[in-house]
Amino acid sequence: MNDRELRPVLEGRALCKNYGGLRAVVDVSFEVRAGEILGIVGPNGAGKTTLFDVITGLTPATSGDVLLGGVSIADASVHRRCALGLARTFQQPTIADSLTVLENLYLAASFRRNRREGGRAGDIAEAVRHLDFVGLTDRADTPAGPLGVFDKKRLMLATALATNPRVLLLDEPFGGLNPQEIDHVMRLIRTLRDGGLAVVVIEHVMRALTSLADRVLVMHHGAELFVGTPSEMLADPQVIEVYLGQRHGADLTQREPRA
Ligand SMILES: Nc1ncnc2c1ncn2[C@@H]1O[C@H](COP(=O)(O)OP(=O)(O)OP(=O)(O)O)[C@@H](O)[C@H]1O
Ligand SMILES: [Mg+2]
């Protein structure tokens, strides 16, 4: 690994987000490198999704900074951050229901980083490649609205990839999936990581999270409670008390029912 690869691709510095009197994100710092998976866990309402909202510019941070490739993007719009290489999937499938699967990919490609030459033929070739990667080739001309949750989540992943990201932020990619579907999506995420993407994944499914993540950030009441490897996290008394402890006796391989 050379110096360039050692530098974080994405950094959050002392990020805070207040909604009125509610402190949703409290002084959170993190970094993630190319070819690395950072996991984010914590109880419902801990501020995980809000952290993604602040990183992607969906809502402005109250204070703190976000750096992509060492450059602050704190003042950039959502579209600009996407064009610079930040892509995200949402906790609930967020796609254009009235468009077909393929049309969703063309739409996403219009926000692509480093727009290519090659016009429509190039767009089609790339869209087909992304559909093939996630396993949705046979759904290309299907309207997206009626798709099941597994197909919608894979389509959302494909649309994120269509923007040619450097960093992929995944908000609960396994929520609502069965164990086989979880395994499938885990393989996709590993392949992307091995290809050099920096990945940040919020997840409650501990089996998936602990096997995927290189490091884990545990959030509680908006703040950082713990940062370390998955095995260190599983043994940490504070993490057990505020998060894992709630799950004693539960099957940690499955999604917990939401509060
Ligand atoms: N747009 C908003 N306006 C006001 N409060 C908000 C807004 N978005 C989130 N919150 C509040 O911020 C806190 C953190 O919510 P967030 O959705 O980030 O939690 P989370 O860790 O993603 O939880 P979950 O595991 O349930 O998805 C919660 O108290 C939530 O109600
Ligand atoms: Mg959330």
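The values are calculated or read from the model by the stated rules, or taken from the named source; none is laboratory data. This structure is a prediction, so every number in the text was calculated from the model and none was measured. We place every Cβ from the backbone using ideal geometry, glycine too, and count neighbours over all the protein chains shown.
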Subject >> Filtered residues of region 83-134 (kept if of a type in the set (Lys, Arg) and in a loop (DSSP other than H, G, I, E, B)) >> reply: ARG112, ARG113, ARG115, ARG116
Subject >> Condition broken by GLY175, with the remaining ones in (1) under 27 Å from ILE95 (Cβ atoms); (2) within 16 Å of ligand 2 (Cβ to nearest atom); (3) buried (at least 20 other Cβ atoms within 10 Å of the Cβ) satisfied >> reply: (3)
Subject >> Filter pass, VAL71 being among the aliphatic types (A, V, I, L, M) and either at pLDDT below 95 or within 16 Å of ligand 2 (Cβ to nearest atom) (or both) >> reply: no
**OP:** Report whether or not GLY35 is out of contact with any helix residue (DSSP H, G or I) (no Cβ under 7 Å at 6 or more places or on another chain) and not polar (S, T, N, Q).
**Re:** no
**OP:** May I ask you to list the residues in region 226-240 that are more than 17 Å from ALA208 (Cβ to Cβ) and either outside any helix (DSSP H, G or I) or within 19 Å of the chain's Cα centre (by Cα) (or both)?
**Re:** PHE226, VAL227, GLY228, ASP236
Original post:
Given the residues GLN254, GLN246, GLN238, which is the only one that is modelled with pLDDT under 95 and within 13 Å of ligand 1 (Cβ to nearest atom)?
Top reply: GLN246
**OP:** Hey, can you tell me all the residues within region 196-223 that are surrounded by fewer than 17 Cβ atoms within 10 Å (Cβ to Cβ) and either within 30 Å of GLY64 (Cβ to Cβ) or within 16 Å of ligand 2 (Cβ to nearest atom) (or both)?
**Re:** GLY196, ASP214, HIS221, ALA223
Original post:
Using beta carbons and a limit of 7 Å, which pairs, at least six apart or on different chains, have the first residue in region 40-56 and of a type in the set (Ser, Thr, Tyr) and the second one more than 9 Å from ligand 2 (Cβ to nearest atom)?
Top reply: THR50/LYS17; THR50/ALA24; THR50/VAL25; THR56/VAL78; THR56/ARG81; THR56/LEU86; THR56/ARG88; THR56/LEU169
Original post:
Take the residues of region 14-73 that are touching an Asp or Glu at 6+ places or on another chain (Cβ under 6 Å), part of a strand (DSSP E or B) and away from ligand 1 (no atom under 16 Å from the Cβ): which is farthest from LEU197 (Cα to Cα)?
Top reply: ALA14
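Okay, residues lined up against (1) within 16 Å of ligand 1 (Cβ to nearest atom); (2) more than 20 Å from ARG33 (Cβ to Cβ):
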site: ASP75; (1), (2): no, yes
site: ARG81; (1), (2): no, no
site: THR94; (1), (2): yes, yes
site: PRO146; (1), (2): no, yes
site: ARG154; (1), (2): no, yes
site: LEU168; (1), (2): no, no
**OP:** Return the residue satisfying two criteria in turn: it lies in region 95-135 and is free of Cβ contacts under 8 Å to residues at least 12 places away in the same chain and closer than 24 Å to ILE189 by Cβ, and of such residues it is surrounded by the most Cβ atoms within 10 Å (Cβ to Cβ).
**Re:** ARG129
